[in-house]
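K.L.:
Have a look at this one before I ask anything.
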Amino acid sequence: MSRAIRAALAAAALLSCAFFVPGSAPARGAEAAFFPGVVFDYGGKYDKSFNEGVLTGIERFHRETGINYKALEISNDVQREQYLRRLAEHGADIILAVGFSQAPAVAKVAKEFPEIKFTLIDGVVKLPNVQSILFSEQEGSYLVGMLAALSSKTHTVGFVGGMDIPLIRRFECGYEQGVKAVAPDDHIIANMVGTTPAAWSDPTRGGELAKSQFDRGVDVVFAAAGQSGIGVLQAAKDAGKYSIGVDSNQNHLFPGSVLTSMVKRVDVAAYNAIKAAQDGTWQAGVRTLGLKEEGVGWALDENNAKLVTPEMKAALDAASAEIQNGTRKVANYDETNGCKY
Amino acid sequence: MSASTNSDGLPRWATLALLPAINLGAALVVSSLVILAIGQDPLSALAFMVKGAVGSGTGLSYTLYYATSLIFTGLAVAIANHAGLFNIGGEGQAYVGGLGTGLVCLALSGWPWYTVLPVAVLAGALFGAVWGLIPGYLQAYRGSHIVITTIMFNFLASALMVYLLGGPLIEHGQMAPESREFAESTFLPAVKEIAAGLGYRTSTLPLNLSLLLALLCAAGVWFLIWHTRWGFQMRTVGANEAAARYAGINARTTIVVAMAISGALAGLVGINELQGVQHRITLNFQAGMGFTGIAVALMGRGHPVGIVLSSLLFGALYQGGAELSFEYNEISPRLVVVIQGVVILFSGALEHMFRPALVRLLKPKAAASAAGQRA
């Protein structure tokens, strides 16, 4: 009996320790000032690629306006919804959700908070308070495909994709069309790193795939594989071949080896979404950013200036102008249900 | 485990309550130093964690939701441990068990949840049991070490699910490797629906009915281990396999059965995660719960009550950590993993560090009270 009482006392002491909360928690986020929030996907905000592009955009907004934001990184699936909902409950004015994996979570939470603006990058949710931002990756990939074909001496070019999903097939299909537009008889060797999100963060495998492509005669390789692409770029540098970066401008990583980068301006998209929400010009609906909107493009700077001849640049500029005014069509993998052009 | 409890004269309440409290306290001190090294105020950070985990209905519900999965995997590790088997395969067993649950929920579209639940539980347990039984069989009849085979079965489970979710099960025309959503009628009632039934309003929370199932399982494991012949056989095999065999116990069957039950318990994680919350089969839904279950079982000393309590602690760490990274932009979510690691280190691996000192401190009193009782 007395033993039971002592055990109960000890348990009570333990519990009171656990519940003791020193000081009072400062109330945050309750003020009426403009307050944006962002939920990153797996990979985190410093992934040197897609997520980090969004971070760059928000940081720019923060620098220009001095307005603070809340950035959250998930560590399991449930936290997507949890963080979106917490931001909404905290009275965030606009919530950015990064990556297609967040679409189901955004759909759920946006329905519960119809007065809060959500911007989903790279995915589509059709609700009156959700803005979905897509990119015409096929257009930018088309241009770098042309550049690859113009630079290749072996008439064989490579493609290394990250995760095998329609989005990456869209990159591949645009690239293929660009290559064939310049040299209809060139060979294209394409590989995917994997079929799961782990495929975005496996530079070793990316590098191995690139090396095997080099052995089969490839001398220009386009990596659309997130962090895994860094391995591709490194392998190209080691083998003395050309590579093409993706999402961010990666020309500076290996100057002289990185031919160009297919840039996807997620930073601009993120910045514009927040800015528009602040100005009151934010609109729901699906927005597709292509060459015309400068959502995608190819990077030319001092790191690759020597690799791109004036003739190459002229050819790409002409093609870019034609795509923008609609005289040159680039097929979209998703719309054509396969790479048909 | 129980034999060492009183051998050095430490009273039982000290072993059960005081020692874990001291270990936890030491873990928190070390964690505070880490937070201090990052340049944050450890007291307010830890306060946020505690408040985030148990300070509100919402936080508490997330804590209980995490604890639900941990009870399943913790019990799974514990039951195998009683039979002398170190089951590291909880992760894979939970994953494959979830496949069984998910397939049932996909197949029984339109059935009400209370008819789906028993079938889903059976399927989850069966799939998990098969994933545990094979390493068990290999251990019992072929001498392949259970640690090695269960680790390898984690990888096999992962490869199987990647194949299924990337191919046959993927919802056509979408990017993420996930199945289609289950029919709404099969969703397990969550705290929101239950509260609505009682006339309360809450926001959408992941805590669902499977917590009751987890507690039932805990009671079942307690009964099985200490009140049935099967449990006695398992404990005997775990204590000394050769002696058990000499006493006429079929050690091989016992090992296979223990691993099957262990796998079945881990396989129920899918009830909480899939039928309860995600409502579709997703990639890696078990998210490390199988591995954390090992720490839960160690800290809970293999006893269902201890496992429920340590599941609550680890659930609180998960949820408190989520709140912590919500409040502090500077604190990375990885820090929570550090704190969890320190807790595991102190309460699992360094369990006996403070014990001798505590014995010296308490011994005179313990001896005196023992003498008093005798008089």
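The values are calculated or read from the model by the stated rules, or taken from the named source; none is laboratory data. Remember, predicted model here, so these are calculated numbers, not experimental data. Backbone-built Cβ (ideal geometry, glycine too); neighbour counts: all protein chains shown. Surface accessibility is based on the protein's heavy atoms, side chains included, excluding ligands, DNA and RNA. Shrake-Rupley method; radii C 1.70, N 1.55, O 1.52, S 1.80 Å.
K.L.:
Take A:PHE40 and decide whether it is in contact with an Asp or Glu (Cβ under 7 Å, 6 or more places away or on another chain) and surrounded by fewer than 23 Cβ atoms within 10 Å (Cβ to Cβ).
P.N.:
No, not satisfied.
K.L.:
Sticking with this one: Can you confirm whether B:GLY320 is in contact with a Lys or Arg (Cβ under 9 Å, 6 or more places away or on another chain) and within 19 Å of B:TYR65 (Cα to Cα)?
P.N.:
So B:GLY320 fits the description; yes.
K.L.:
Would you confirm whether any residue within segment A:67-90 is facing another protein chain (nearest Cβ under 10 Å), open to solvent by 10 Å² or more (accessible area, probe 1.4 Å), part of a strand (DSSP E or B) and over 20 Å from A:ASN272 (Cα atoms)?
P.N.:
Yes, segment A:67-90 contains at least one residue that is facing another protein chain (nearest Cβ under 10 Å), open to solvent by 10 Å² or more (accessible area, probe 1.4 Å), part of a strand (DSSP E or B) and over 20 Å from A:ASN272 (Cα atoms).
K.L.:
B:ALA190 is checked against (1) in contact with a strand residue (DSSP E or B) (Cβ under 6 Å, 6 or more places away or on another chain); (2) on the phi > 0 side of the Ramachandran plot and fails just one. What number does that condition carry?
P.N.:
(2)
K.L.:
Within segment A:101-122, can you find the residues that are out of contact with any Lys or Arg (no Cβ under 7 Å at 6 or more places or on another chain) and within 16 Å of B:GLU181 (Cβ to Cβ)?
P.N.:
Result: A:SER101, A:ALA103, A:PRO104, A:VAL106, A:ALA107, A:LYS108, A:LYS111.
K.L.:
Residues A:LEU150, A:LEU143, A:LEU167: which one is out of contact with any Cys (no Cβ under 8 Å at 6 or more places or on another chain), open to solvent by 20 Å² or more (accessible area, probe 1.4 Å) and in the same structural domain as A:ALA315 (by TED's automatic domain parsing)?
P.N.:
Answer to the selection: A:LEU150.
K.L.:
Any chance you could count how many residues in segment A:290-328 are touching a helix residue (DSSP H, G or I) at 6+ places or on another chain (Cβ under 6 Å) and not small (Gly, Ala, Ser)?
P.N.:
8
K.L.:
On to the next question. Tell me which of these A:LYS108 doesn't satisfy, since it passes every other one: (1) of a type in the set (D, E, K, R); (2) away from chain B (no Cβ under 13 Å); (3) more than 30 Å from A:THR327 (Cα to Cα).
P.N.:
(2)
K.L.:
When you check B:LEU85 against the structure, is it away from chain A (no Cβ under 13 Å), in a loop (DSSP other than H, G, I, E, B) and open to solvent by less than 50 Å² (accessible area, probe 1.4 Å), yes or no? Break it down stepwise before answering.
P.N.:
On the way: away from chain A (no Cβ under 13 Å): yes; in a loop (DSSP other than H, G, I, E, B): yes; open to solvent by less than 50 Å² (accessible area, probe 1.4 Å): yes.
Yes; evaluated as a whole, the condition is true for this residue.
Residues checked against (1) open to solvent by 10 Å² or more (accessible area, probe 1.4 Å); (2) within 12 Å of chain A (Cβ to nearest Cβ):
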| residue | (1), (2) |
| --- | --- |
| B:ALA21 | yes, yes |
| B:SER31 | no, no |
| B:VAL34 | yes, no |
| B:ALA37 | yes, no |
| B:ASP41 | yes, yes |
| B:LYS51 | yes, yes |
| B:SER56 | yes, yes |
